[in-house]
Amino acid sequence: MDPEMIKKIDAVLERVKDPESDLPVSRLGVVKRVRYSEVQKKLFVFTDFQNHMPDCRACVFIAKLVADKILRNLAVEFSLEFPDLEVEFV
């Protein structure tokens, strides 16, 4: 991956915030890595929200809503930053 693409990915991860804590996604540890396939013109975003889920059953529902919002925001920001690429969350 070229340095300019890495810079753009880092910018997306800084812009997207956790709606509860207002921390950038880059500090949450939910995005594990981002891979680029030049052949497929696709970004693969590897995430792990499962390890961040609370033990409280009632709280899991809220945590999943927050995770869904973060994923939607990431999808929007990656699409804006990389309009010619498809984004797939893994």
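Values quoted throughout were computed directly from the atomic coordinates according to the rules given, and no laboratory measurement underlies them. Predicted model, so just to flag it, every value in this text is computed and none were measured. Don't worry about glycine lacking a Cβ; one is built from the backbone with ideal geometry, like all the others, and counts go over all protein chains shown.
Summary of computed values
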{"read-out": "Under 10 Å, Cβ to Cβ, from Glu88 - net charge with Lys/Arg +1 and Asp/Glu -1", "value": "+1"}
{"read-out": "Beta bridges by DSSP in the chain, antiparallel share as percent, to the nearest 5", "value": "65"}
{"read-out": "Trypsin sites (Lys or Arg not before Pro) restricted to the range 22-58 and DSSP loop, no more than 13 other C-beta within 10 Å", "value": "Lys41"}
{"read-out": "CD proxy at 222 nm, helix term only [per DSSP H run n ≥ 4: -39500 (n - 2.57); per residue of the chain; nearest 500]", "value": "-15000 deg cm²/dmol"}
{"read-out": "Rh by Kirkwood over Cα pairs, then Stokes-Einstein D for the chain at 1.306 mPa s and 10 °C, µm²/s", "value": "116"}
{"read-out": "Among 15-25, 58-68, the order from most to least packed when residues are scored by Cβ within 10 Å on average", "value": "15-25, 58-68"}
{"read-out": "Gyration tensor (Cα) of the range 33-81, equivalent ellipsoid semi-axes in angstrom", "value": "28, 12, 6"}
{"read-out": "Most mobile listed residue (Ser79, Ser37, Ser26) in the chain, GNM with C-alpha springs under 10 Å", "value": "Ser37"}
{"read-out": "Distant-in-sequence amide H partners of Thr47 (H built 1.01 Å from N, under 5 Å)", "value": "Lys32, Val90"}
